[in-house]
1. Looking only at the stretch 86-121, count how many residues are free of Cβ contacts under 8 Å to residues at least 40 places away in the same chain and over 25 Å from TRP54 (Cα atoms).
2. Identify all residues within the stretch 426-455 that are within 13 Å of THR268 (Cα to Cα) and in a helix (DSSP H, G or I); write none if there are none.
3. Conditions: (1) at negative phi; (2) within 16 Å of the ligand (Cβ to nearest atom). GLY137 meets all but one. Number of the miss?
4. Can you tell me which residue is least open to solvent (accessible area, probe 1.4 Å) among those in the stretch 172-182 that are within 16 Å of the ligand (Cβ to nearest atom) and at positive phi?
5. Can you run down the residue pairs with Cβ atoms below 8 Å, 6 or more apart or on separate chains, where the first is in the stretch 362-377 and of a type in the set (S, T, N, Q) and the partner is open to solvent by 60 Å² or more (accessible area, probe 1.4 Å) and in a loop (DSSP other than H, G, I, E, B)?
6. Here are the criteria: (1) open to solvent by less than 10 Å² (accessible area, probe 1.4 Å); (2) among the aliphatic types (A, V, I, L, M); (3) within 14 Å of the chain's Cα centre (by Cα). Tell me which single one LEU260 does not satisfy.
7. In the stretch 201-216, is there at least one residue being surrounded by fewer than 16 Cβ atoms within 10 Å (Cβ to Cβ) and at pLDDT 95 or above?
8. So how many residues does the stretch 183-207 have that are within 20 Å of TYR135 (Cβ to Cβ) and within 15 Å of the ligand (Cβ to nearest atom)?
Amino acid sequence: MSESKATSKSAGIVYLVGAGPGDPGLMTLRGRECIEMADVILYDYLSNADLLKWAKPEAERIYVGKKAKDHTLPQGGINELLVQKAGEGKIVTRLKGGDPLVFGRGGEEAQELRAAGVRFEIVPGISSSIAGPAYAGIPVTHRAHNAQLTIFTGHEDPTKAESSIDYEQIAKAPGTKVMLMGVERLPIITEKLQEHGLDPETPVALVRWATTGNQETVTGTIATIAEVVEKAGFKAPAVCVIGGVVGLRDELNWFENRPLFGKRIVVTRTRTQIGGVSRMLRDLGADVLEIPTIRIGRSEGDDLRGFAEMVQGAHAYDWLIFTSPNGVDYFFEMFFKLFDDIRAIGGARIASIGPGTTAKLKEHGLAVDLEPQKSVAEGLAEAFEKEIGSLENLTMFWARAEGARDVLSQRLNDAGVMLDEGIAYRTVPETDDPTGAVARFKEEGADIITFTSSSTVDCFFEMGLELPEGIKIASIGPITSDTIRNHGLTVDIEAEEHNIPGLVAAVRKLAGA
Ligand code: SAH
């Protein structure tokens with residue numbers, strides 16, 4: 001007993017991980033591994049909750065965030081928690097905004113762990129002090145401007161004696177100065193810097209919620225910036241950059257100039273499919289809220305048994321029909337449970353709806369014999385009639401979703417096809433909100449919401465979510481649009497091409513970008 005306890009204790013470890021400044025793409029590969037491995041994740045206000053989507057579903061997530069004064073859990077409590085969880089033999093990942101050792105108290109946490117005999121590793125992160133300016137188009141060093149960089153905190157530890165920060169030194173230091181924290185103290189800080197001889201004309205920029213879709217930047221000079229910030233109602237968290245390099249922003253402001261910058265857009269798909277849409281929208285500068293409304297699951301019971309039998313006999317059909325990438329995935333999942341050789345699929349011809357489905361088939365080394373131009377069921381029925389002529393007595397197998405529309409079955413049955421419909425998968429409403437996107441949506445609303453299928457629409461409303469006033473709706477195609485209208489809503493735009501790039505193009509149009 002005591003021996004196994006000792007073993008489990010020594011298995012415990014704390015990873016002090018820099019979560020980067022906000023954009024999940026700026027997380028390090030090692031940091032992501034630490035999230036994937038973790039049994040327990042402690043995260044705070046400045047570490048983007050989106051990162052938690054990489055965690056194991058059963059991982060314990062603990063918010064220990066703090067917003068200036070209202071500490072959720074005091075530092076001492078965080079240290080104790082780290083020691084306690086690691087002591088239970090757990091893999092603990094402590095996410096800290098930016099870099100853990102740059103004004104992040106990571107050093108103190110490491111000392112506590114060391115003193116308690118807990119193993120730890122430090123995973124550096126991209127600090128907001130560098131990335132914030134970069135995303136505002138400001139290089140912190142530039143050969144034409146400076147050869148020195150000073151990073152200081154505008155937040156004085158209240159327990160320290162007054163003026164532990166030597167503003168004279170900072171004012172006299174050549175080159176760029178970057179200040180973290182202290183937005184509220186800007187009037188006194190800029191005054192002190194001028195008192196100690198910093199040129200009042202020195203350019204200054206503040207970048208708020210840097211690298212996220214909420215990023216905002218204001219600029220001025222040491223003499224004016226406090227007033228600019230006051231007037232704009234500009235609040236923490238922000239990085240403050242002081243120096244000639246700020247002028248380069250006019251030329252280099254790449255992030256805020258992107259077409260969808262400043263637009264908050266909701267994407268509703270399954271957790272596994274959502275990434276592609278989000279990436280495209282984020283690349284255009286949007287602030288994307290991922291709300292997976294549906295989850296795809298294997299079919300069950302009689303459905304599953306029936307499907308298995310049909311897959312077993314796949315080689316005997318004249319045609320195999322696939323109408324979604326999920327259908328293809330679940331078909332092959334079953335297929336390779338039953339067979340260990342792709343040739344067992346025989347000589348059946350293959351029909352597909354939509355480029356995504358066709359691409360999935362291609363991944364499995366299969367070419368498509370028939371694909372309608374219009375990516376809808378009616379389009380496929382028409383294509384069959386046009387290309388094949390009489391369908392009388394042809395045998396076909398359709399790997400479909402539970403409860404899918406039966407337009408296709410009706411048309412094919414009417415044409416005399418001997419159609420077997422196999423329930424390959426089903427969609428169920430998603431109930432989890434591990435990243436807090438649903439909570440953020442309820443709190444902050446959004447500019448545009450996108451729907452990629454009828455089931456995402458139905459499930460969205462099943463989740464009890466309401467659309468905030470003024471939000472615009474973008475739909476991927478006519479069927480989805482009908483479902484939206486059935487909920488009593490207006491479709492603001494429908495994609496011309498019924499696929500993800502088509503939907504993204506529609507969103508751009510809707511946003512006037
Ligand atoms: N370890 C962090 C800094 C923690 S101190 C890092 O390396 O970035 C907290 C301060 O960091 C905030 O007050 C703000 O000044 C800055 N900060 C962190 N993330 C930020 C972000 N996304 N945008 C702007 N400022 C940020």
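The values are calculated or read from the model by the stated rules, or taken from the named source; none is laboratory data. On a predicted model such as this, the values are computed, not experimentally measured, just so you know. Virtual Cβ from ideal backbone geometry, glycine too; neighbours counted across all protein chains shown. Heads up: the accessible areas ignore ligands, DNA and RNA and are worked out on the full protein's heavy atoms, side chains in. Shrake-Rupley method; radii C 1.70, N 1.55, O 1.52, S 1.80 Å.
1. So the count comes out to 8.
2. Listed by number, the residues that qualify are ALA437, VAL438, PHE441, SER454, SER455.
3. Condition (1) is where GLY137 drops out.
4. Applying the first criterion (within 16 Å of the ligand (Cβ to nearest atom)) to the stretch 172-182 yields 176-182.
With at positive phi added as a condition, the list becomes 181-182.
Numbers: MET181: 79, GLY182: 3 Å².
Among residues in the stretch 172-182 that are within 16 Å of the ligand (Cβ to nearest atom) and at positive phi, the one least open to solvent (accessible area, probe 1.4 Å) is GLY182.
5. Pairs that qualify, where the first residue is of a type in the set (S, T, N, Q) and the partner is open to solvent by 60 Å² or more (accessible area, probe 1.4 Å) and in a loop (DSSP other than H, G, I, E, B), are SER375/HIS498.
6. (3)
7. Within the stretch 201-216 (the criterion being surrounded by fewer than 16 Cβ atoms within 10 Å (Cβ to Cβ) and at pLDDT 95 or above), the answer is yes, since at least one residue qualifies.
8. The qualifying residues number 5.
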